[in-house]
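Only one structure is covered here, and it is reproduced in the block below.
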């Protein structure tokens, strides 16, 4: 099952696991995947600080609003600055701007990388730099790699790093939306 109930179970099991570090979350539920990760992290008391690495610093407020966070209008989010919300300390940096990576603490409880799709077209050197930073240089307990649309990219290049992979689809909650995403993936749009 690729529904919300299963996604919640899988994310919680991953968070509780002592042997798993990296989770890949795919599926047609575009805006709900990262939101669900944040919701599950908010319910967990042991993971209190993290980095949200995104494709553009300008998108952060939109992504947080999708996840139910109240972000003041025209709030500028800066890399390296700690933001406290819902009992968590969040830092933000950019997938594509390495200079922002050094502004984020190296020892944190979790990382959310969203949307991973935008990174898939990068060359292998850039991907290696990203993976080295997020997997090796940083001391992170849990890493959530979250896709947006899944319609153009193959994530097999991540398979050797991922401990658990799940699919969270919109089929049960919004069948029409789910079908549009599948049609988009199959070039029918």
| Estimated FRET transfer efficiency when R0 is 41 angstrom, pair residue 152-residue 46 (beta carbons, to 0.05) | 0.70
| said: How much length would be gained if the chain were fully extended between residue 162 and residue 66, taking 0.36 nm per residue of separation minus their Cα-Cα distance, in nm to one decimal? | reply: 32.0 nm
| Among the DSSP beta bridges whose two residues both lie in the chain, what percent are antiparallel, rounded to the nearest 5? | 10 percent
| note | So for the range 11-54, using the alpha carbon gyration tensor with a ≥ b ≥ c as root eigenvalues (a/c under 1.5 gives rounded; past that, a/b versus b/c decides prolate or oblate), I'd call it prolate
| √(5λ) per eigenvalue of the Cα gyration tensor, the chain, largest first, Å | 24, 19, 18
| said: Per 0.36 nm of contour for each residue apart, how much would the distance between residue 121 and residue 56 grow if the chain were fully extended, relative to their Cα-Cα spacing? | reply: 21.9 nm
| remark: To the nearest 10 degrees, the tilt of helix 175-185 (Cα long axis) against the first principal axis of the alpha carbons of the chain is 80 degrees
| query | Give or take rounding to whole Å, what are the principal axis extents of the alpha carbon atoms in the range 15-88, in descending order? | reply | 40, 29, 19
| query | Roughly how many Å is it from the Cα centre of the range 1-27 to that of the range 93-143, as a whole number? | reply | 20 Å
| Potential lengthening between residue 176 and residue 20 on full extension [0.36 nm per residue; Cα-Cα distance subtracted] | 52.7 nm
| note | Helix 32-42 sits off the longest principal axis of the Cα atoms of the chain, rounded to the nearest 10 on a 0 to 90 degree scale, by 40 degrees
| query | Can you pull the semi-axes for the range 86-189, root of five times each eigenvalue of the Cα gyration tensor, sorted largest first, whole Å? | reply | 28, 17, 13
| Sites residue 128 and residue 13 - FRET efficiency at Förster radius 35 Å, r taken between beta-carbons, to 0.05 | 0.75
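Every number in this text was worked out from the coordinates using simple rules, so none of it is lab data. For clarity, every value in this text was computed on a predicted model and none was experimentally measured. Neighbour counts run over all protein chains shown; Cβ positions are idealised from the backbone, glycine included.
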